[in-house]
Amino acid sequence: MQRTQDQGVKSEQFLEMLDSLDNLIVDGRIDVEANTIHNAPNMQAGRFTARPHASRIKLSKHVTLIHATDCEGHLKARMDGKPLEHDVASGLLYFVPPTVIQEYEFDGLTRNTLITLDADIIQRVIDENPEFRNASVEEPRFPFRNPRMARKMDILMTLVSRQDMGWRSLSDACNVQIAVELLKTLSNGSSKTVKPLARVELGAVRDYVQAHLEGNVGLEDASALLQRDIYGFGRAFKAATGQTFHQYLTRMRVDKARHLLTETSMPLIEIAYACGFSSQAHLTTVMGRHLGLTPGVIRQQARS
């Protein structure tokens with residue numbers, strides 16, 4: 001990971017927290033509070049104080065949630081090149097979906113809570129709650145206020161810091177509650193009319209995804225294929241199909257995996273990689289969520 005030299009002190013623990021996700025470049029000073037960093041397969045969390053700094057982050061599978069708990073300053077940001085600028089105030093919240101290149105220039109002093117959640121947590125809540133299907137989950141939203149969500153983030157940080165008995169299970173439940181509050185916010189104002197993708201555009205996207213399922217194909221790849229703005233593409237795709245690009249991609253991977261399970265004798269781990277899953281365990285989790293069956297059971301049923 002590339003790191004710039006600076007005159008301040010940067011927390012190696014904080015940088016390592018983001019190392020496991022993607023690249024971070026910091027020029028300035030970020031201090032992390034002791035005992036507040038937690039890394040888990042589906043969530044990372046930490047509290048930090050930021051002084052004037054510049055940073056660039058891209059999280060490939062996680063959404064970024066920031067709660068400005070005590071701050072004053074001015075923020076200039078670019079989300080996939082789109083400029084945003086505002087004065088920072090205590091109580092503001094920030095949401096950035098996966099794969100978005102986040103570039104920040106901050107002047108001031110802010111104490112923040114940072115939580116990154118696996119995008120699958122958000123998707124699971126959407127799948128279980130149809131009223132959230134129109135939530136704008138594929139474009140950043142900030143700044144906004146949601147006191148209930150802010151409190152849940154503070155509760156999560158308390159659980160992570162204390163690590164009392166049962167804290168992992170309580171943290172998982174808190175993650176879901178945060179996702180629910182986030183989706184409530186993202187559902188507001190998301191019903192505006194959007195022109196859907198044309199049939200020929202959908203066909204081009206389908207062919208591209210099918211040809212690249214084993215790779216790390218994402219929303220930015222599909223939007224670049226049609227030479228569209230990434231957020232405009234996401235809205236137009238959902239208007240045409242009734243589902244987000246992430247939902248569509250997951251369904252195609254599940255369908256391909258089911259075909260390989262029933263029509264070939266490929267080992268499960270090879271099927272997982274061929275369909276773009278990160279591991280056999282990931283394949284099992286996603287298929288169980290979508291089909292209610294494990295890969296082993298699906299293969300066994302096909303042979304019986």
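The values are calculated or read from the model by the stated rules, or taken from the named source; none is laboratory data. Predicted model only: the values in this text are computed from it and were never measured. Virtual Cβ from ideal backbone geometry, glycine too; neighbours counted across all protein chains shown. Keep in mind that these areas ignore ligands, DNA and RNA; they rest on the heavy atoms of the full protein, side chains included. Shrake-Rupley method; radii C 1.70, N 1.55, O 1.52, S 1.80 Å.
For segment 54-69, state whether one or more residues are surrounded by 14 or more Cβ atoms within 10 Å (Cβ to Cβ), within 20 Å of residue 182 (Cβ to Cβ) and out of contact with any strand residue (DSSP E or B) (no Cβ under 8 Å at 6 or more places or on another chain).
Checked against the condition, which is being surrounded by 14 or more Cβ atoms within 10 Å (Cβ to Cβ), within 20 Å of residue 182 (Cβ to Cβ) and out of contact with any strand residue (DSSP E or B) (no Cβ under 8 Å at 6 or more places or on another chain), segment 54-69 yields no hits at all.
If you take the residues in segment 270-285 that are open to solvent by 60 Å² or more (accessible area, probe 1.4 Å) and in a helix (DSSP H, G or I), which one is nearest to residue 220 (Cα to Cα)?
My answer is 273.
Which of (1) hydrophobic (A, V, I, L, M, F, W, C); (2) farther than 30 Å from residue 246 by Cα; (3) crowded, with 19+ Cβ neighbours inside 10 Å is the odd one out, the single condition residue 89 does not satisfy?
(3)
If I ask for residues that are in a helix (DSSP H, G or I) and free of Cβ contacts under 8 Å to residues at least 40 places away in the same chain, which ones from segment 207-240 would you list?
207, 208, 211, 221, 222, 223, 224, 225, 232, 233
Residue under question is residue 215, and the condition is that it be of a type outside the set (A, V, I, L, M), exposed (fewer than 14 other Cβ atoms within 10 Å of the Cβ) and under 23 Å from residue 102 (Cα atoms); does it hold?
Numbers: of a type outside the set (A, V, I, L, M): yes; exposed (fewer than 14 other Cβ atoms within 10 Å of the Cβ): yes; under 23 Å from residue 102 (Cα atoms): yes.
Yes.
Tell me which of these residue 255 doesn't satisfy, since it passes every other one: (1) more than 24 Å from residue 121 (Cβ to Cβ); (2) surrounded by fewer than 17 Cβ atoms within 10 Å (Cβ to Cβ); (3) not small (Gly, Ala, Ser).
(1)
Kindly indicate whether any position in segment 155-162 is outside any helix (DSSP H, G or I), at pLDDT below 90, of a type in the set (Ser, Thr, Tyr) and out of contact with any strand residue (DSSP E or B) (no Cβ under 9 Å at 6 or more places or on another chain).
no
Checking the condition farther than 28 Å from residue 290 by Cα, assigned to a helix (DSSP H, G or I), small (Gly, Ala, Ser) and under 20 Å from the mean Cα position of the chain (by Cα), which residue from 179, 150, 173 passes?
It is 150.
Given the structure, is residue 223 open to solvent by less than 60 Å² (accessible area, probe 1.4 Å), of a type in the set (Gly, Ala, Ser) and either modelled with pLDDT under 90 or under 29 Å from residue 273 (Cα atoms) (or both)?
Against the criterion (open to solvent by less than 60 Å² (accessible area, probe 1.4 Å), of a type in the set (Gly, Ala, Ser) and either modelled with pLDDT under 90 or under 29 Å from residue 273 (Cα atoms) (or both)), residue 223 qualifies.
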